[in-house]
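Notes for the one structure printed next.
The values are calculated or read from the model by the stated rules, or taken from the named source; none is laboratory data. Keep in mind that this is a model prediction, so the values were computed, not measured. Neighbour counts are summed over all protein chains in view; Cβ atoms, including those assigned to glycine, are modelled from backbone coordinates with ideal geometry.
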Amino acid sequence: MEVKSFLFKTYSILSTNDGQQNIKLNFAKKVFMSEIEVLERTAVQVRRDIIRMVNGVKSGHPGGSLGCADFLTCLFFKIMKHHPAKFQMNPPDEDIFILSNGHISPAYYSVLARCGYFSIKELGTFRKLHSRLQGHPSVAENTPGVRIASGSLGQGLSVAIGAAEAKKLNSDKNLVYVLMGDGELEEGQVWEAAMYASAKKVDNLIAVVDYNGKQIDGPTDKVLSLGNLKAKWQAFDWEVLEMDGHNINELIDTLNLAKSRTNKQKPIVIIMKTEMGMGVDFMMGTHKWHGNAPNDEQTRIALAQLTETLGDY
């Protein structure tokens, strides 16, 4: 996509929100940023949103959310075909995304809001009473962009397979994406679903594993080693790709490569290497921020490392 068309598309999506965002994005157009720079700056703003959201209620899961900010930004702003202004649970003319590791909801909500599914001001209600933005996404809240409740781990791949098969039955050529955590792969349902998808040639599906090597109880290697993860997926007869989850160029290239390999009789999985807590130095390299919110002083330090780019909510 050309730089001009990308910036126009980004402006069109975000102009559904308040005027302050439009002013910020007009600045982005004025300095004529490259496509990659716009995505990078958007991801930084998503990280600011994450820190502010979890600090605001003193609860949430910042570690994995920060680690997936780049991926979700690229997926929603560049890769997927979707229509934020007219959200449907079963859309006939767009791609579908399923979040399986629902505890990274702060990143998910931020990207949905920044894309225009709902006002960015609503991010300030995260985890509060009567909010649509629950700690784990809930369909009961009728939150635009959310298609499954994902509090219990291990279920997302099964749902994504069902959505992909429904698209085939409806002669819908669009794709289904699903994101899973690496600790989540300890759930047996994941491997039952993996076996089913390859046996039934569900080839309009792209699964992504957030491979950060950490889960709530510690390093995955110590809790329950995943062994040779690539070999495992290959043994289940999946097409396996790998990518750096923090390199915007590589994210785009690998996701586009995955798209080019769909509809060839095999499901596709991408093993995405990320760093839990990415962007905040004291949160990186440890599992301790999987489910702990920073206090006010820690939040101040974290935000100092994350430049405001699109405007805070």
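Filtered by the rule that a residue be crowded, with 19+ Cβ neighbours inside 10 Å, free of Cβ contacts under 8 Å to residues at least 40 places away in the same chain and over 27 Å from Lys201 (Cα atoms), region 220-264 gives a lone residue, Thr220.
Give the residue that is surrounded by the most Cβ atoms within 10 Å (Cβ to Cβ), with candidates limited to residues of region 97-108 that are within 15 Å of Ala293 (Cβ to Cβ) and not hydrophobic (A, V, I, L, M, F, W, C). Spell out the reasoning first.
So the first thing to find is which residues in region 97-108 are within 15 Å of Ala293 (Cβ to Cβ), and the list is 103-107.
Filter again for not hydrophobic (A, V, I, L, M, F, W, C), leaving 103, 105-106.
Working: His103: 23, Ser105: 28, Pro106: 30.
Applying the filter and picking the extreme gives Pro106.
Identify all residues within region 162-190 that are among the hydrophobic types (A, V, I, L, M, F, W, C) and over 20 Å from Ile79 (Cα atoms); write none if there are none. Scanning region 162-190 gives Ala166, Leu169, Leu185, Val190. For region 138-146, indicate whether the set of residues that are surrounded by 21 or more Cβ atoms within 10 Å (Cβ to Cβ), at pLDDT 95 or above and not hydrophobic (A, V, I, L, M, F, W, C) is non-empty. The answer is yes; a qualifying residue exists.
Please work out if Gly154 is assigned to a loop (DSSP other than H, G, I, E, B), modelled with pLDDT of 95 or more and closer than 20 Å to Val190 by Cβ.
Numbers: assigned to a loop (DSSP other than H, G, I, E, B): yes; modelled with pLDDT of 95 or more: yes; closer than 20 Å to Val190 by Cβ: yes.
Here the answer is yes, as Gly154 does meet what is asked.
So, in region 269-305, how many residues would count as being assigned to a loop (DSSP other than H, G, I, E, B) and under 24 Å from Gln215 (Cβ atoms)?
So the first thing to find is which residues in region 269-305 are assigned to a loop (DSSP other than H, G, I, E, B), and the list is 274-280, 284-295, 305.
Still in the running and under 24 Å from Gln215 (Cβ atoms): 274-280, 284-295.
The qualifying residues number 19.
Which condition number does Glu165 fail, the rest of (1) part of a loop (DSSP other than H, G, I, E, B); (2) more than 16 Å from the chain's Cα centre (by Cα) being met? Status for Glu165: all satisfied but (1). The test for being in contact with a Cys (Cβ under 6 Å, 6 or more places away or on another chain) and either assigned to a loop (DSSP other than H, G, I, E, B) or within 23 Å of Asp244 (Cα to Cα) (or both) holds for Asp210.
Filter region 19-48 down to the residues that are in contact with a Lys or Arg (Cβ under 8 Å, 6 or more places away or on another chain) and surrounded by 20 or more Cβ atoms within 10 Å (Cβ to Cβ), then identify the one that is modelled with the lowest pLDDT. Break it down stepwise before answering.
Restricting attention to region 19-48, the residues satisfying the condition of being in contact with a Lys or Arg (Cβ under 8 Å, 6 or more places away or on another chain) are 28, 33, 35, 39, 42, 45-46.
After this cut, where a residue has to be surrounded by 20 or more Cβ atoms within 10 Å (Cβ to Cβ) as well, the list is 35, 39, 42, 45-46.
On the way: Glu35: 93, Leu39: 97, Thr42: 98, Gln45: 98, Val46: 98.
It comes out as Glu35.
Can you list the helices (runs of 4 or more DSSP H) found entirely within region 26-103 that contain at least 3 residues being farther than 17 Å from Leu303 by Cα and in contact with a Phe, Trp or Tyr (Cβ under 7 Å, 6 or more places away or on another chain)? Quick ask: steps written out before the conclusion?
On the way: elements: 35-57, 62-67, 69-74.
Correct list: 35-57.
So how many residues does region 148-166 have that are of a type outside the set (A, V, I, L, M, F, W, C) and in contact (Cβ under 8 Å) with a residue 40 or more places away in the chain?
Number satisfying all stated conditions: 5.
Scoring Asp253 on the criteria (1) farther than 22 Å from Arg47 by Cα; (2) in a loop (DSSP other than H, G, I, E, B); (3) charged (D, E, K, R); (4) under 21 Å from the mean Cα position of the chain (by Cα) leaves a single failure, condition (2).
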